[in-house]
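Remarks on the structure that follows.
What follows draws every value from the coordinates through simple rules; no lab data is involved. All values reported here derive from a predicted model rather than from experimental measurement. Counting neighbours? That spans all protein chains shown, and the Cβs are built from the backbone with ideal geometry, glycine included.
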């Protein structure tokens, strides 16, 4: 896996979580989707809530990726990490994730 694929998978996970929050049809609904449905929001309110949750997830995933890259802190600690796949191939080291994270979470790759 490359650094870009790693970031893309985080982005896809963010999208999956967001979609699951508003899924009212699946037999495997999440607790969040049930709680949102209980609010009985109209279409405009639902869309605004979806935008808020999307922004929260974007901020969260983006911060985690930058933290792994050494560009942001995790709690009170800021340091860079090297990540390897199961076959001990280097996925990323200091600085490899930041550009891709911006592209996927704030740029045109969305």
(request) Return 20, 67 ranked ascending by Cβ neighbour count within 10 Å, so the fewest neighbours appear first. (result) 20, 67
(request) Taking the Cβ of each residue in 71, 77 as the centre, tally the other Cβ atoms inside 10 Å and list the residues starting with the fewest. (result) 77, 71
(message) Within region 31-52, name every residue whose backbone N is under 15 Å away from a label modeled 7 Å from Cα of residue 23 along the Cβ vector.
(response) 31-37
(request) Give, in nm to one decimal, the length gained when the segment between residue 77 and residue 108 is fully stretched (0.36 nm per residue of separation minus the Cα-Cα distance). (result) 8.1 nm
(message) Expected output is a single nm value to one decimal: the length gained when fully extending between residue 13 and residue 49, i.e. 0.36 nm times separation in residues minus the C-alpha distance. What is it?
(response) 11.1 nm
(message) Relative contact order of the chain, please, whole-number percent, based on alpha carbon pairs below 8 angstrom and at least 6 residues apart.
(response) 29 percent
(message) Classify region 6-54 from the C-alpha gyration tensor, please: rounded if a/c falls under 1.5, else prolate or oblate depending on whether a/b exceeds b/c.
(response) oblate
(request) Largest first and to the nearest Å, give the Cα extent of region 60-110 along each principal axis. (result) 31, 28, 15
(message) For a quick check: sort 32, 7 by the number of other beta carbons within 10 angstrom, fewest at the front.
(response) 32, 7
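Rg to Rh ratio, region 3-106, alpha-carbon atoms and Kirkwood radius?
In region 3-106, Rg relative to Rh is 1.08.
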(message) Can you compute the helix-only [θ] at 222 nm over the chain? Use -39500 (n - 2.57) per DSSP H run of at least 4 residues, normalise by all residues, nearest 500 deg cm²/dmol.
(response) -19000 deg cm²/dmol
(request) Please build a GNM for the chain, connecting alpha carbons under 10 Å apart, and tell me which residue among 52, 91, 44 fluctuates the most. (result) 44
